[in-house]
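Quick note: the coordinates plus some simple rules give every number you see, no bench work behind them. Please read all numbers here as calculations on a predicted model, not as lab measurements. Here the Cβ is made from the backbone with ideal geometry for all residues, glycine too, and neighbour counts use every protein chain on show.
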Amino acid sequence: MKPTPRVPGAPARQSCTPAVPFIDLARSQKPIEKTLEAAARNVLRAGRFVRGPVYQTFTQRFARYCQTNHCVGLANGTDALYLALRALEIGPGDEIITSPFTFFATAETIAAAGAKPVFADINPATWTIDPAAIRQRLSVKTKAILPVHIFGNPADMDAVLDIARRRELFVIEDACQAHGALYKGKKTGSLGDAGCFSFYPTKNLGACGDAGGLVTNNKEIADRVWRLADHGSREKYSHLEVGINSRLDDLQAAILNVKLDHLDQWNNQRREAAAAYRQLLKNISGIVLPQETPGGRAVYHVFSITTKRRDALRQHLGQRQIAAQVYYPTPLHLLPALKNLGHKPGSFPVSEKLAEEILALPLFPGITNKEIERVCGAIGEFFSN
Ligand SMILES: Cc1ncc(COP(=O)(O)O)c(C=O)c1O
């Protein structure tokens, strides 16, 4: 096969391929490509594409994996959050306490359900929601707490659950980045009333497109989410309430089913890569390493460091063809979409400082020690100048 001609003026391909990519899905997918292809082919041949037998198999297996009784497969993680709120009858007049340091969907779905996102700042060491800050933000309107297991690191769930129990609040876990993480031996997603997962391709468990799921031990919640995700109907053309269309399809379920067998191994590889980074970076002054929540076992969806010289370091790494990313450059309370909440710079100082200093380093299953050494060597070189 002839190579595709280069578009005039476009850079040569090699120069755009980083020496150390931020993420390389092919490394984990290549060894199981044949199994993935066979699983997808079986769905094509069976011709059952939506909530069919492969959907059933995957959702049952994922519920078991999460140590829960039920899993509803959905179109994405955003819908999992939105439908959890809807199933718990959360809407106008209600306040939901969550972290300002997360992906936008966490607060977006609260607003989409008609409720008010109320932010509580994060713990400066673990970057998860600070229970002391939650207590300060409670009001008579508070209906639920929505902790985020950010970057795969579990939130301080004992404290969150204790606050919720005392005030009779729901707990919805945003576990979109934390498939397989543990908190005191329990899987994230299984600790609250509902756990919400994204299976976006780059997630620890990722489909070949958008996909998501909600896990719970509460049958009523599972049934309601199942119904809401199918236009509010249990039986065809009998619509009991206004819902949405958010059904996980069997092709994605087939991919996820194959990948679920490898999730623990991939999470272990992520943890090993994080440990290697810690070892090689521990003596470099000028950076701070991430801390795991006490009692937690993180699955490192992302491995981030902080430094006051973040932008210069990112540029330095870029010049050495090392891809580093910023998650998240703006905390949610300062985003234009949520300006109606009336927050200003200074409202949540821990999140704001973190957004200025955080930098995510390359980390994915299959990253080599050589690549990690190359990244750390470049960081060491930067701070020795
Ligand atoms: C913390 C968090 N919450 C929610 C979502 C939304 O998931 P999805 O992209 O599948 O809708 C994501 C995905 O990036 C996420 O990282």
Qualifying trypsin sites (Lys or Arg not before Pro) in region 274-381, DSSP loop, other Cβ atoms within 10 Å at most 11: Lys282
Cross-link partners of Lys282 among lysines (Cα-Cα below 17 Å; sequence separation of 8 or more within a chain): Lys308
Report, please, the projected area of region 263-384 averaged over directions, based on the convex hull of its C-alpha atoms, in nm². 9.1 nm²
In the neighbourhood of Leu338 defined by beta carbon distances under 11 Å, the net charge of the other residues (Lys, Arg +1; Asp, Glu -1) is +1
Give me the aspartates and glutamates in straight-line cross-link reach of Lys30: C-alpha distance below 17 Å, same-chain residues under 8 apart excluded. Asp261
Report the relative contact order of region 271-385, percent, no decimals, based on alpha-carbon pairs under 8 angstrom and at least 6 residues apart. 37 percent
Violating pairs (Cα-Cα greater than 19 angstrom) within the set Lys116/Lys353; Lys34/Lys259; Lys116/Lys184; Lys203/Lys259: Lys116/Lys353; Lys116/Lys184
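Hey, any idea what the orientation-averaged projected area of the convex hull of region 29-260's Cα atoms comes to, in nm²? The partial results should precede the final answer.
On the way: hull surface 50.1 nm².
Dividing the Cα hull surface by four gives the mean projection, 12.5 nm².
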In deg cm²/dmol, rounded to 500, what helix-only [θ] at 222 nm does the chain give when every DSSP H run of at least 4 residues adds -39500 (n - 2.57) and the total is split over its residues? -11500 deg cm²/dmol
